[in-house]
Amino acid sequence: MSYVSFYRKWRPQTFSEIVGQEYVVKTLQNAISNNRISHSYIFCGPKGTGKTSLARIFAKGLNCEKGSTPDPCNKCSNCLSISAGTNVDVVEIDAASNRGIDDIRDLREKVKYLPVNLRKKVYIIDEAHQITPAAFNAFLKVLEEPPEHVVFIMATTEPHEVLPTIMSRCQRFDFEPIPVDKIKKRLKNIASNENININDDAINLISRYADGSLRDADSILEQISSFGDSGSITVDDVSSVLGIIDQEMLFELANIFLEKNLSQALLFVKRLLSSSFNLKIFTTEFLEHLYILYTIKNYDKPMDILDIVEDEREQYFNQAGLFSSAYLEYLMNIFSDLLKQIKWQESSKTFFKTAIIRAMSFVSIDEKKLGERFKNMDLRLKKMEDRISNRKIVKTVNTNTKKTKEEIKDNVKKESAKKIKSKTEDVSVKKANKKKKVEAESNEVKKDKEWSNYEEMIFKKWDDLLSILREKNISIYAMFIEIIGFKIDENRIYFYLGENKKWHKEHLTKTKNTMMIQQVLNKNTGKNFSIIFEIIDSSKEEKIIKVRNDVKDKDEEDNSSKVKKNALKNYSSGKDNKNEEDILGYLEEKFNIKER
């Protein structure tokens, strides 16, 4: 007998041999048991996940000589001929090469004929998304109302390219990528039966590289088995043949970054560049490694969203515990940039070397220690200033003692004359300054009163503003109602949002949205304000929300209303000490509560 490839030799022949698609298998077995067979199915999923194999097994379950069964015998002539692909009533069509309207017309004519030796005629159409739209439309009528003796099973890796009208007439089953642990178990079984001596680390590497495709994993194992003439096949053998990266190299590089060992980093770069590894593949694999570490570090149940071989889980968790989230983000940024740069092969080595050096330069900042250092620096600076001022005083005293009595007398006379002159000048200057100060204070009071009037106007018309915004644009209104306070500074108005409203700020600050709000304010106040949106911290946010709710209470007494508005204005301006007393005093008076 001629040689048969692994993926054909070890192709699943029963429902129980299908790996990683339990819910699909169970549904199809129940359909056969309950005699609820649809006329058309579509199997969607990545390559090598068992779509065509399951279609053949389903055909055997429908046509086994023992009767329709969820467990075909694989011994009768019907089962054996379907497995061998020689039964004329199970027709496999490659849609990549039979995709035109003429091929579909020919198919429509053939489905009319009864099966030769089976109960059901089964058409398995592989790569169904390759069929042209015109051919799909020609196929639509026969798919909608096929003869009772026909079952269609389509398989595709691109379900979004299948016409919705076709998809709606089929029972759809989605095949998932096969987990790494199940691929590993399958490869161990094949290696044992084929007498292939391969260690667990090499199997782990093949399982990960197969990327959820069992067929790819079988093909890789077959290729590696031809490489190993004698002795056990190792990770280095797999890496050399396929040009893929050993997982230990990724852990090694991550440890080098943790230890900040520049010598080891440079040696690692030399070893990697002198080997046959593809830098683009290595960078992609290392980014995936960093993503796994980051997920473990920041997600409560990382194994729910990660597919890691059981043997490597402890190693991943240990290394993730040594990294900070900030450092992992820093590394991911560097190697993401590197992945974009190394598409120019002539400079890829230079880019790679630079990225490694940059990754080593990360400095983790402990904010607590940094604050202590700044505090110590302030104390030292203050001491230095005191010492300098003391020296000046001593120097002045020493200089004065050296002067003669006559010089001192002359200086006294001059100083007296200067004092008399300066006093007369000071009186006139003080009068002028006092006049300017009174005028400035008067203008300031007028300005404050003017802006206070605008603030009061906006408070009173707040509901009107919201109503107009709601009519103009419901989405802007939905974001603007999250405003928790505001202040007016001359012709600028500052609107405040909470800490968790950064998305709202980004959209409200867009030019067209800001202009719309300006127009609404102008219509209600007659003033053209420059609008600024700001985020405030949660401590201020709670107090401003309390004050804002109080301001809206129209039944409050005038005196209380003034306290509320002034408290909101002052708090928004950042005057913490006095404002806090105003707000707390108001809340105690309104709600009859005391601070604990």
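The values are calculated or read from the model by the stated rules, or taken from the named source; none is laboratory data. Bear in mind the structure is a predicted one, so any value in this text is a computation, not a measurement. Neighbour counts are summed over all protein chains in view; Cβ atoms, including those assigned to glycine, are modelled from backbone coordinates with ideal geometry.
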request  = Could you list, in sequence order, all residues of the stretch 11-31 that are assigned to a helix (DSSP H, G or I), within 37 Å of the chain's Cα centre (by Cα) and of a type in the set (S, T, N, Q)?
outcome  = Thr27
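Answer yes or no as to whether Leu214 is more than 33 Å from the chain's Cα centre (by Cα), surrounded by 19 or more Cβ atoms within 10 Å (Cβ to Cβ) and under 22 Å from Gly50 (Cα atoms). Lay out the reasoning, then the answer.
Working: more than 33 Å from the chain's Cα centre (by Cα): no; surrounded by 19 or more Cβ atoms within 10 Å (Cβ to Cβ): yes; under 22 Å from Gly50 (Cα atoms): yes.
Judged against the criteria, Leu214 is not a match.
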query = For the stretch 482-492, which residues satisfy the criterion of being out of contact with any strand residue (DSSP E or B) (no Cβ under 6 Å at 6 or more places or on another chain) and not in a loop (DSSP other than H, G, I, E, B)?
reply = Ile488, Asp489
key: Subset tally (residues that are modelled with pLDDT of 85 or more and of a type in the set (Val, Ile, Thr)) for the stretch 240-260   = 1
ask   = Checking Ser168 against (1) closer than 14 Å to Tyr41 by Cα; (2) touching a residue at least 24 places away in the same chain (Cβ under 8 Å), which single condition isn't satisfied?
value = (2)
request  = Kindly indicate the residue of the stretch 246-269 that is out of contact with any His (no Cβ under 8 Å at 6 or more places or on another chain) and of a type in the set (Gly, Ala, Ser) and also surrounded by the most Cβ atoms within 10 Å (Cβ to Cβ) among those meeting that condition.
outcome  = Ala265
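Confirm whether Ala155 is among the small types (Gly, Ala, Ser), under 25 Å from Lys9 (Cβ atoms) and crowded, with 16+ Cβ neighbours inside 10 Å. Break it down stepwise before answering.
Values: among the small types (Gly, Ala, Ser): yes; under 25 Å from Lys9 (Cβ atoms): yes; crowded, with 16+ Cβ neighbours inside 10 Å: yes.
Answer is yes for this residue.
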